[in-house]
Amino acid sequence: MENIKQEKKIVYSAIQATGIPSLGNYFGAIKNWKDMQNNYDCIFAIADLHSLTVRQDPIKFKKNARTMFLLLLALGLDPEKNIIYFQSHVHEHCELAWILNCFTYMGELNRMTQFKDKSKKHSDNINAGLFTYPVLMAADILLYGADFVPTGADQKQHIEICRDIAQRFNNIFGDIFKIPEPLINKTGARIMNLQDPNKKMSKSDQDGVIFLFEEKNIILNKIKKAVTDSENKICFSEEKPGVSNLLNIYASAKNLDISQAENYFVNKNYGELKKIVGEAVIELLEPIQKKYLELEKEKDYVDNLIKMGAERARRLAQKKLYKVKKKIGLLV
Ligand code: TYM
């Protein structure tokens with residue numbers, strides 16, 4: 001990919017390295033990555049530096065990072081076709097982030113809803129990294145000249161600020177950065193907490209989240225206990241966040257659009273809905289879990305892939321950073 005003339009559009013996305021991903025991560029992001037790998041030049045990172053904005057236990061952190069890499073392979077991402085790597089293996093990200101920090105305003109960062117949410121959640125550790133988090137994300141994306149950034153809806157604001165920073169930089173120094181487009185799917189972009197369907201599903205939730213490694217019975221149970229309403233009518237509507245969330249999960253699992261999912265459940269009750277959604281999720285996750293266990297045994301193979309991913313990403317990142325440094329007048 002690195003040596004030939006770019007013909008395909010470039011896709012860039014990343015996922016943090018904390019814990020097992022949730023069904024939200026899967027439907028909001030990784031599933032789309034898998035679908036895109038045949039039509040685009042894709043670069044996918046494990047954003048381990050972003051995860052440092054929250055305190056991590058070093059031993060667990062290291063384990064989780066590797067788990068995430070294996071999972072991306074188990075989910076069906078091809079490590080030859082795509083570049084899959086760890087953000088911390090390519091120090092150019094931090095260098096570009098510093099430069100971009102100097103082109104980003106405090107006021108812009110102050111408006112980031114995720115910063116506000118995370119500051120509330122981790123009020124004892126509102127660190128500078130949490131504040132400048134979107135700038136590192138902008139550096140990730142801009143280093144690789146991404147055309148498209150597929151994510152869940154929660155990252156939209158971060159991609160917008162990335163575009164603003166890139167445009168500001170280009171206005172001063174000429175056409176250095178490609179302006180990326182967010183790609184946010186209609187279904188799956190916002191999977192909600194099963195226990196509180198007004199909140200997005202996140203890894204720190206307990207009963208409200210389904211992890212990609214969850215056991216069959218736990219998945220069925222969690223979905224069985226999902227909060228719905230007393231109407232017993234299956235349709236997608238803002239007034240029915242719980243039922244809508246289950247329909248969304250079903251549609252994402254079965255590659256349907258929401259109205260097709262609604263039609264399927266027309267004459268069914270909530271009990272049936274939950275059972276069928278649970279089975280659809282299990283059907284989806286079982287082969288991934290199986291593949292993961294196989295990969296876990298292939299240590300050398302995986303180590304080599306990790307090294308290869310870093311080298312390929314570094315080559316691209318170095319080129320872009322060199323251009324940026326030269327343009328802004330650093331001695332290169
Ligand atoms: P992270 O690790 O929080 O989430 C990874 C991806 O999963 C999506 N997602 C969801 N989608 C639907 N429903 C949900 N409940 C849900 N929860 C999470 C996220 O939108 C994301 O696409 N800052 C990013 C990682 C990152 C990145 C980047 C992404 C770092 N650099 C450059 C794109 C480009 C993050 O923390 O994602």
Review point. Tell me, what ³J(HN,Hα) does each residue in segment 29-40 have, in order and in whole Hz, if you take phi through Karplus 6.51 cos²θ - 1.76 cosθ + 1.60 with θ = phi - 60° and put x for Gly and Pro?
Key: 9, 4, 4, 5, 4, 4, 5, 8, 5, 7, 10, 9
Check your understanding: Where in segment 203-219 is the amide nitrogen less than 15 Å from a point lying 7 Å along the Cα-to-Cβ axis of E279?
Key -> 217
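Rounded to a whole number of µm²/s, how large is the Stokes-Einstein D of segment 1-104 at 20 °C and 1.002 mPa s, given Rh as the Kirkwood radius over C-alpha pairs?
Values: Rh = 14.8 Å.
It diffuses with D of about 145 µm²/s by this estimate.
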Check your understanding: Relative contact order (percent) for segment 237-332, with alpha-carbon contacts under 8 angstrom and 6 or more residues of separation?
Key -> 18
Practice item. Find which of A74, N245, V149 sits farthest along the positive direction of the dipole of the chain, computed with +1 on the beta-carbon of Lys and Arg, -1 on that of Asp and Glu, about the Cα centre. Key: V149
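Subtracting the Cα-Cα distance from 0.36 nm times the residue separation, let me have the gained length for N221 to K186 in nm, one decimal.
Value of the extension gain: 9.9 nm.
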**Study point:** Percent RCO, i.e. relative contact order, over segment 206-293, from Cα pairs under 8 Å lying at least 6 residues apart
**Key:** 33
Revision key, fill the gap. Here, D229 and D57, labelled 7 Å along Cα→Cβ, have an inter-label distance in nm of 4.1
Review point. Roughly speaking, what is the centre-to-centre gap between segment 109-156 and segment 1-71 when only Cα atoms are used, to the nearest Å?
Key: 15
Point to revise | Highest to lowest packing among 256-265, 118-127, 311-320, scored as the average C-beta count within 10 Å | key: 311-320, 256-265, 118-127
Check your understanding: Using a ≥ b ≥ c from the Cα gyration tensor of segment 73-179 (square roots of the eigenvalues), is it rounded, prolate or oblate, where a/c under 1.5 gives rounded and otherwise the larger of a/b and b/c decides, a/b for prolate?
Key -> oblate
Review point. Considering amide H positions built from the backbone, and no H for Pro or chain starts, which residues 5 or more places from I84, or on another chain, come under 5 Å of its amide H?
Key: F44
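The numbers here are math on the coordinates, done by the rules we state, and not lab data. None of the values given here were measured: they were computed from a predicted structure. Cβ atoms come from the backbone with ideal geometry, glycine included; neighbour counts cover every protein chain shown.
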